[in-house]
């Protein structure tokens with residue numbers, strides 16, 4: 001039997017116009033200290049996003065989401081944040097901000113398979 005581990009996750013949201021507080025869930029980010037795990041998955045439903053804000057710059061949103069993904073995976077490039085450890089990257093990505101891409105509050109969980117849990121959260125919180 002596989003041992004269960006405590007993990008944390010947040011929902012990644014696109015907030016086209018911050019002042020209106022409308023958002024679309026587009027992804028999830030999952031972190032576990034032991035074993036060291038950090039993953040982010042997203043699916044951008046452009047049609048739904050355009051229904052919220054027909055003037056949104058989809059290329060800009062995609063660029064922000066790709067940056068989140070690169071930082072979560074520790075891909076070194078344009079961001080020094082990507083060079084930090086798993087925990088620091090997760091905390092940075094889930095910090096409160098008032099930009100077009102934000103995260104929900106961080107929630108705890110318990111699971112045996114972190115990759116499968118990431119996929120389940122994406123299905124349940126984004127793709128429904």
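How many residues, within region 2-23, are within 16 Å of residue 124 (Cα to Cα) and buried (at least 21 other Cβ atoms within 10 Å of the Cβ)?
4
Given the criterion in a strand (DSSP E or B), in contact (Cβ under 8 Å) with a residue 12 or more places away in the chain and closer than 18 Å to residue 103 by Cβ, identify the matching residue among 67, 10.
After ruling out the rest, the residue left standing is 10.
Cβ-Cβ distance below 8 Å, separation of 6 or more or different chains: which pairs start in region 116-128 with a residue that is touching a residue at least 60 places away in the same chain (Cβ under 8 Å) and end on one that is assigned to a loop (DSSP other than H, G, I, E, B) and surrounded by fewer than 17 Cβ atoms within 10 Å (Cβ to Cβ)?
Hits for this filter: 122/43; 126/43; 127/43.
From the set of residues in region 34-47 that are outside any strand (DSSP E or B) and at pLDDT 95 or above, which is nearest to residue 74 (Cα to Cα)?
Among those residues, the one meeting the criterion is 43.
Considering only residues that are touching a residue at least 40 places away in the same chain (Cβ under 8 Å), loosely packed, with under 14 Cβ neighbours inside 10 Å and either in a loop (DSSP other than H, G, I, E, B) or touching a helix residue (DSSP H, G or I) at 6+ places or on another chain (Cβ under 8 Å) (or both), which ones fall in region 86-114?
Result: 98, 99, 105, 112, 113.
The values are calculated or read from the model by the stated rules, or taken from the named source; none is laboratory data. Since the structure is predicted, the reported quantities are computational estimates derived from the model, not experimental observations. All Cβ positions, glycine included, derive from the backbone under ideal geometry; neighbour counts span all protein chains shown.
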